[in-house]
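Beneath this line is the structure, given in structure tokens, with notes to follow.
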Amino acid sequence: MLRRRLAPEPYAASATAGRSCALFGALLAVIAVLMGRGGAVDPRGALAVLGFGLLFALLAAALAVWSAGVIWRTGRRGTGRALAALVIAALVLAYPAWLAALAALRPTVADASTDAAAPPAFSSSPTALAARGGAVHEEPPAEAREAERRLYPNLQPVMLDVSVEEAYDLALKAVQGRGWRVIEAVPPRGKFGAGHIDAVAPTRVMALPDDVAIRIRPASGQARVDVRSASRFARTDAGENAARVQSLSDELEDAAS
């Protein structure tokens, strides 16, 4: 006597679709990071690809939640696929969600300087503008500068017991040692002349360009160095600009001591 085998329950289509969306979103996120770090395309292109990856991750999470209800009601298979979709989507969305939470809880600051009252100006020469893709960083408004003071009270001018020429050389060497791209460097001239360095520094994750301005001028027998770092694309930076300014300031103090 032959036994008839019951056909297994089919997979919930939403669970399968959710996993596929999550994998595609993760792939787009990886491609966006590689595009940004490779530097071969306009950073806006990498950000656009990342945006699509985040949208697919959100869709995957929604499909996974929906499929849980489908599986519960119909008894169909797909729990593992739904869980996989949730986990992958969570990994893709974790860092952007953290940035979004910071943006909601903190003032919108994406510009940090050791001199909040009169931050170093970015060069407006044709060469510098072309290297920054036409980006222009105006002096932050008063409310932004006050927010910066509250958020980063430890950012202070760097006072070095060296000549302004030596301070300029130290700053230029530090910038080059970090692999930042120098787009303009003007050494100090004369007894009261100020030196200036414009550079481009990469962000941590996607290596998108942020802009750095360094001002070196004499101050009562010392050299005063002010550093400014500003995001080119983000409206909030999770403290990355301030960390970059503080790190460079510490390096200069160590190099001069």
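Applying the selection to region 219-253, what residues are hydroxyl-bearing (Ser, Thr, Tyr) and closer than 18 Å to Leu172 by Cβ?
Ser229, Ser247, Ser249
Table: residues versus (1) outside the structural domain of Leu23 (by TED's automatic domain parsing); (2) surrounded by 14 or more Cβ atoms within 10 Å (Cβ to Cβ); (3) closer than 14 Å to Leu23 by Cα; (4) touching a strand residue (DSSP E or B) at 6+ places or on another chain (Cβ under 8 Å).
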position: Gly36; (1), (2), (3), (4): no, yes, no, no
position: Gly45; (1), (2), (3), (4): no, no, no, no
position: Ala57; (1), (2), (3), (4): no, yes, yes, no
position: Ala60; (1), (2), (3), (4): no, yes, yes, no
position: Arg73; (1), (2), (3), (4): no, no, no, no
position: Ala90; (1), (2), (3), (4): no, yes, yes, no
position: Ala100; (1), (2), (3), (4): no, no, no, no
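Only one residue in Gly177, Gly195, Gly134 is over 16 Å from Arg215 (Cβ atoms), modelled with pLDDT of 90 or more and either among the small types (Gly, Ala, Ser) or surrounded by 14 or more Cβ atoms within 10 Å (Cβ to Cβ) (or both). Which one?
Within the list Gly177, Gly195, Gly134, the selection yields Gly177.
Any residue in region 137-155 that is outside the structural domain of Leu63 (by TED's automatic domain parsing), in contact with an Asp or Glu (Cβ under 9 Å, 6 or more places away or on another chain) and of a type in the set (S, T, N, Q)?
No, region 137-155 has no match at all.
Using beta carbons and a limit of 6 Å, which pairs, at least six apart or on different chains, have the first residue in region 115-141 and under 20 Å from Arg217 (Cβ atoms) and the second one of a type in the set (Asp, Glu) and surrounded by fewer than 19 Cβ atoms within 10 Å (Cβ to Cβ)?
Listed by first residue and then by second, the contacts come to Ser123/Glu184; Ala128/Glu184.
Kindly provide the set of residues from region 229-257 that are in a strand (DSSP E or B), in contact with a Lys or Arg (Cβ under 8 Å, 6 or more places away or on another chain) and not hydroxyl-bearing (Ser, Thr, Tyr), ordered by number. Steps first, please.
The initial filter retains those residues of region 229-257 that are in a strand (DSSP E or B), namely 229-231.
Add one more test, that the residue is in contact with a Lys or Arg (Cβ under 8 Å, 6 or more places away or on another chain), and what stays is 229.
None - no residue of region 229-257 is in a strand (DSSP E or B), in contact with a Lys or Arg (Cβ under 8 Å, 6 or more places away or on another chain) and not hydroxyl-bearing (Ser, Thr, Tyr), so the list stays empty.
Any idea which residue in region 204-216 is farthest from Thr236 (Cα to Cα), counting only those that are free of Cβ contacts under 8 Å to residues at least 60 places away in the same chain and buried (at least 20 other Cβ atoms within 10 Å of the Cβ)? Can you show your working first?
So in region 204-216, the residues free of Cβ contacts under 8 Å to residues at least 60 places away in the same chain come out as 204, 210, 212, 216.
Add one more test, that the residue is buried (at least 20 other Cβ atoms within 10 Å of the Cβ), and what stays is 210, 212, 216.
Numbers: Asp210: 12, Val212: 16, Ile216: 27 Å.
Result: Ile216.
Looking at Arg232 and the list (1) surrounded by fewer than 20 Cβ atoms within 10 Å (Cβ to Cβ); (2) at pLDDT below 90; (3) more than 21 Å from Ser125 (Cβ to Cβ); (4) not hydroxyl-bearing (Ser, Thr, Tyr), which single condition is not satisfied?
It is condition (3) that Arg232 fails.
Just to be sure before I move on: is Val162 touching a strand residue (DSSP E or B) at 6+ places or on another chain (Cβ under 9 Å), within 19 Å of Gln246 (Cβ to Cβ) and either aliphatic (A, V, I, L, M) or not assigned by TED's automatic domain parsing to the domain that holds Ala213 (or both) in the structure I sent?
Working: touching a strand residue (DSSP E or B) at 6+ places or on another chain (Cβ under 9 Å): yes; within 19 Å of Gln246 (Cβ to Cβ): no; either aliphatic (A, V, I, L, M) or not assigned by TED's automatic domain parsing to the domain that holds Ala213 (or both): yes.
No; evaluated as a whole, the condition is false for this residue.
The values are calculated or read from the model by the stated rules, or taken from the named source; none is laboratory data. Remember, it's a predicted structure, so these values are computed and weren't measured experimentally. Quick reminder, even Gly has a Cβ in these numbers, built from the backbone with ideal geometry, and neighbours come from all protein chains shown.
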